[in-house]
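**Q** Okay, here's the structure, questions in a sec.
The values are calculated or read from the model by the stated rules, or taken from the named source; none is laboratory data. Note that the structure is a prediction, hence the values are computed from the model and not measured. Methodologically, a virtual Cβ is constructed for each residue, glycine included, from the backbone with ideal geometry; neighbour enumeration extends over all protein chains shown.
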Amino acid sequence: MKGLPNMNNFNIDNGFYFGIGVYETISVINGKLIMADRHWNRMEKGIKKLGFKPPFSSFETVIEKADIYLKKNFKEKAALKVVVSPKNFLFKLRNIPYTPDQYQKGFSLNISTVQKNETSIFTYIKSLNNGDNWIEKQTSIKKGFDEPVFLNSKGMLTEGATTNLFFVKDKKLYTPSIECGLLPGTIRDYLLEKYGARELVIFPEDIKKYDEMFITNSLMGIMPVSKINKFVFSEREMTQLIMKDFASRYF
């Protein structure tokens, strides 16, 4: 049919119709995937939770094909997106969008009026059913912010559209609990293990008691936050230490 993608490479399935599929976005540095095992494990768990059979026999196939794809499309620094749905298995490379100026300036965040549904399975899976996050991200940018922050139905902080949230008080790390309704990111998991970050419930009115804030995802690594709504964070000591440590380890 006219206007459809090349049907040799794409099959219309429940991923296309209903968002029943998963994806991972992985940093590529000098042709190597960063934190690959964490990404593959999360993808495998997501497929099991959504209950569909992927179009390959084992995750060894995914890993092998990813290696072949990266060798054929070598880039020193890029983002690899891997998409799996019941009938599709796709790779796509793109540039990493974050700039040195953004790390210097820090991100400005706004609290979205859209709520995270802490009772939905999709909240906890990196799935193709992700429209709210994408739309709210564009809305925040149009308002002059870099990233929206979602509350759940009880008014608790959860996550950003593409990020996990971290706060610093007296050089200790705090992050919203998974049960509040969020996708546990690969770097979030790393920081919980390495720095013993504490998971807890955080309300918007609690923000002012913290010294620093930063956000994380697999492409940006650690990004300082300069403000959330009108509240300004002026300190970055712990954030910068974590940024340097993470960069020396992975980048």
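**Q** Taking the residues in the range 13-23 that are in contact (Cβ under 8 Å) with a residue 60 or more places away in the chain and surrounded by fewer than 22 Cβ atoms within 10 Å (Cβ to Cβ) as candidates, determine which candidate is farthest from the chain's Cα centre (by Cα).
**A** The extreme case among them is D13.
**Q** Which one of these is surrounded by 16 or more Cβ atoms within 10 Å (Cβ to Cβ), of a type in the set (A, V, I, L, M) and under 20 Å from M35 (Cβ atoms): I202, I215?
**A** On the way: I202 fails: under 20 Å from M35 (Cβ atoms).
From the options I202, I215, the qualifying one is I215.
**Q** Could you check, for the range 112-123, whether at least one of its residues is exposed (fewer than 15 other Cβ atoms within 10 Å of the Cβ) and not assigned by the TED database to the domain that holds V201?
**A** There is no residue in the range 112-123 that is exposed (fewer than 15 other Cβ atoms within 10 Å of the Cβ) and not assigned by the TED database to the domain that holds V201.
**Q** Now, a different point. Answer yes or no as to whether F145 is of a type in the set (F, W, Y), in contact (Cβ under 8 Å) with a residue 40 or more places away in the chain and surrounded by 15 or more Cβ atoms within 10 Å (Cβ to Cβ).
**A** No; evaluated as a whole, the condition is false for this residue.
**Q** While we're on this one: State whether the residues of the range 178-193 include one that is outside any loop (DSSP other than H, G, I, E, B) and more than 26 Å from W134 (Cα to Cα). Steps first, answer last, please.
**A** Of the range 178-193, the ones outside any loop (DSSP other than H, G, I, E, B) are 178-180, 186-193.
Now drop any that are not more than 26 Å from W134 (Cα to Cα), which leaves 192-193.
The answer is yes, given that some residue of the range 178-193 is outside any loop (DSSP other than H, G, I, E, B) and more than 26 Å from W134 (Cα to Cα).
**Q** Can you tell me how many residues in the range 139-177 are of a type outside the set (V, I, T) and closer than 20 Å to K105 by Cα?
**A** 14
**Q** Might you let me know whether the range 46-66 holds any residue that is within 17 Å of T186 (Cα to Cα) and either outside any helix (DSSP H, G or I) or touching a residue at least 60 places away in the same chain (Cβ under 8 Å) (or both)?
**A** Scanning the range 46-66 turns up at least one residue that is within 17 Å of T186 (Cα to Cα) and either outside any helix (DSSP H, G or I) or touching a residue at least 60 places away in the same chain (Cβ under 8 Å) (or both).
A quick yes/no check of all residues on (1) under 25 Å from P224 (Cβ atoms); (2) surrounded by 13 or more Cβ atoms within 10 Å (Cβ to Cβ); (3) under 17 Å from the mean Cα position of the chain (by Cα); (4) of a type in the set (G, A, S):
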residue: L80; (1), (2), (3), (4): no, yes, yes, no
residue: S85; (1), (2), (3), (4): no, yes, no, yes
residue: I96; (1), (2), (3), (4): yes, yes, yes, no
residue: Q102; (1), (2), (3), (4): yes, yes, no, no
residue: G106; (1), (2), (3), (4): yes, yes, no, yes
residue: L109; (1), (2), (3), (4): yes, yes, yes, no
residue: K126; (1), (2), (3), (4): yes, yes, yes, no
residue: D132; (1), (2), (3), (4): no, yes, yes, no
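**Q** Check the range 169-181 and report whether any residue there is within 27 Å of P54 (Cβ to Cβ) and loosely packed, with under 15 Cβ neighbours inside 10 Å.
**A** No.
**Q** Let me ask you something else. Please determine whether any residue of the range 168-175 is out of contact with any strand residue (DSSP E or B) (no Cβ under 8 Å at 6 or more places or on another chain), at positive phi and in a loop (DSSP other than H, G, I, E, B).
**A** yes
**Q** Is it true that V84 is closer than 26 Å to T123 by Cβ, at pLDDT below 95 and of a type in the set (V, I, T)? Give the steps one after another, and end with the answer.
**A** On the way: closer than 26 Å to T123 by Cβ: yes; at pLDDT below 95: no; of a type in the set (V, I, T): yes.
Spelling it out, it is not the case that V84 is closer than 26 Å to T123 by Cβ, at pLDDT below 95 and of a type in the set (V, I, T).
**Q** Here's something else I'd like to know. If we keep just the residues of the range 37-75 that are aliphatic (A, V, I, L, M) and at pLDDT 95 or above, which is farthest from Y250 (Cα to Cα)?
**A** Among residues in the range 37-75 that are aliphatic (A, V, I, L, M) and at pLDDT 95 or above, the one farthest from Y250 (Cα to Cα) is L50.
**Q** In the range 220-237, what residues are out of contact with any Phe, Trp or Tyr (no Cβ under 7 Å at 6 or more places or on another chain) and either surrounded by 20 or more Cβ atoms within 10 Å (Cβ to Cβ) or without any contact (Cβ under 8 Å) to a residue 12 or more places away in the chain (or both)? It would help to see each step written out before you state the result.
**A** The initial filter retains those residues of the range 220-237 that are out of contact with any Phe, Trp or Tyr (no Cβ under 7 Å at 6 or more places or on another chain), namely 228-237.
Answer for the range 220-237, where residues must be out of contact with any Phe, Trp or Tyr (no Cβ under 7 Å at 6 or more places or on another chain) and either surrounded by 20 or more Cβ atoms within 10 Å (Cβ to Cβ) or without any contact (Cβ under 8 Å) to a residue 12 or more places away in the chain (or both): I228, K230, V232, F233, S234.
**Q** Any residue that is assigned to a loop (DSSP other than H, G, I, E, B) and free of Cβ contacts under 8 Å to residues at least 40 places away in the same chain - is there at least one of those in the range 105-113?
**A** Scanning the range 105-113, I find no residue that is assigned to a loop (DSSP other than H, G, I, E, B) and free of Cβ contacts under 8 Å to residues at least 40 places away in the same chain, so the answer is no.
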